[in-house]
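The values are calculated or read from the model by the stated rules, or taken from the named source; none is laboratory data. Just so we're clear, the structure is a prediction, and the values are computed from it rather than from any experiment. Here Cβ is always computed from backbone atoms with ideal geometry, including for glycine, and neighbour counts include all displayed protein chains.
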Amino acid sequence: MHPAPAEKELTSSGGSVDKPETGTRLSAGEIHDNVMSEADEELERATASLLISSFASGLAIGFSFLGGAYASTLVTPAHAAAAAAAAYPLGFMFVIMARSELFTENTLTPVLPLLHRRDATTLRKMLRVWGLLLLGNLAGTLLFAWLMAATPAIPAGLKPVMLAMAEQATGPPFLLTLYHAIFAGWLIALLTWLLASTRQTGAQLALIWLLTAPIAAFEFKHAIVGSAEAFYRVWAGSAGLGAMASFILAAVIGNAIGGVLLVAILNYGQVVTERKEKGQTQTEVGEKAA
């Protein structure tokens, strides 16, 4: 994008930011630039690439469900929920460190270009990315759930534990699921923002654990992990596909609200406000990481 004569675009960052301009930590603006440096590339990724990556994520994220169920069997019933929450980040670690694609992570990255440009073209690109990622993620969790429920992939004694966990997770009504999903979406989009603040693997793993374990601990609803649980119930004969589709829809809507409203817009608003105070235009803020 070329700058308009009356409104110079700020391109001084040249992309991602490794070291803070001042102090010891990246500023909100520098984190924003790191997210934006990948955003346009994400919007332009080929359909096949997005589908394959998101399918792989759907398979891998199922280990949050499986790991949580296994961990809960290692402790007394009173500590089972805490053990499951501690193991819940496992699938997220697999997905994020492998650079695969989750729908919920992308409630932040593709949204920032739309907030800056506010045009129909960027909106269509964002919705395309969301649709493809959601399709691939759900296909992956559908297969994962079938492998766990219908094949001897895991010990038979673990299957009732997984079923009980899935029934509890997918039991709340539509509106309550949606409400709980808002907080999960908030945490995952916040995780994406914070991961852009560091390149240290140890720090990234710590952030993944710190921001995903509370999803299980507080019974928030993550659409993709939740879909693995929902599909497990379907394959196990515990619930019909229609009821589980309703659960997944509520979780998707809530995750999107949490990611977009509570992180993308608020963090975007912080950066825009700070840079306007420094005399930069909105276009300059959007183009800083171009």
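Just to be sure before I move on: is residue 238 small (Gly, Ala, Ser) and not in a helix (DSSP H, G or I) in the structure I sent? Yes: the conditions hold for residue 238. Do we find that residue 174 is modelled with pLDDT of 95 or more and buried (at least 17 other Cβ atoms within 10 Å of the Cβ) in this structure? Taking the combined requirement at face value, the residue does not satisfy it.
For every residue, the table says whether it meets (1) over 23 Å from residue 98 (Cα atoms); (2) touching a residue at least 60 places away in the same chain (Cβ under 8 Å); (3) crowded, with 19+ Cβ neighbours inside 10 Å; (4) of a type in the set (Ser, Thr, Tyr).
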residue: 47; (1), (2), (3), (4): no, yes, no, yes
residue: 50; (1), (2), (3), (4): no, yes, yes, no
residue: 53; (1), (2), (3), (4): no, yes, yes, yes
residue: 60; (1), (2), (3), (4): no, yes, yes, no
residue: 63; (1), (2), (3), (4): no, no, yes, no
residue: 68; (1), (2), (3), (4): no, yes, yes, no
residue: 73; (1), (2), (3), (4): yes, yes, no, yes
residue: 79; (1), (2), (3), (4): yes, no, no, no
residue: 82; (1), (2), (3), (4): yes, yes, no, no
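If you filter region 198-241 down to residues that are over 19 Å from the mean Cα position of the chain (by Cα) and over 20 Å from residue 143 (Cβ atoms), you find that the one that is modelled with the highest pLDDT is 202. Filtered by the rule that a residue be under 28 Å from the mean Cα position of the chain (by Cα) and at pLDDT below 70, region 17-42 gives 18, 20, 24.
Just to be sure before I move on: is residue 100 more than 14 Å from residue 209 (Cβ to Cβ) and part of a loop (DSSP other than H, G, I, E, B) in the structure I sent? Yes. Among residues of region 266-279 that are free of Cβ contacts under 8 Å to residues at least 40 places away in the same chain, those with a Cβ under 7 angstrom from a residue that is assigned to a helix (DSSP H, G or I) and among the aliphatic types (A, V, I, L, M), sequence gap 6+ or separate chain, pair up as 272/285.
Within region 220-228, is even one residue in a helix (DSSP H, G or I) and either among the hydroxyl-bearing types (Ser, Thr, Tyr) or touching a His at 6+ places or on another chain (Cβ under 9 Å) (or both)? Scanning region 220-228, I find at least one residue that is in a helix (DSSP H, G or I) and either among the hydroxyl-bearing types (Ser, Thr, Tyr) or touching a His at 6+ places or on another chain (Cβ under 9 Å) (or both), so the answer is yes.
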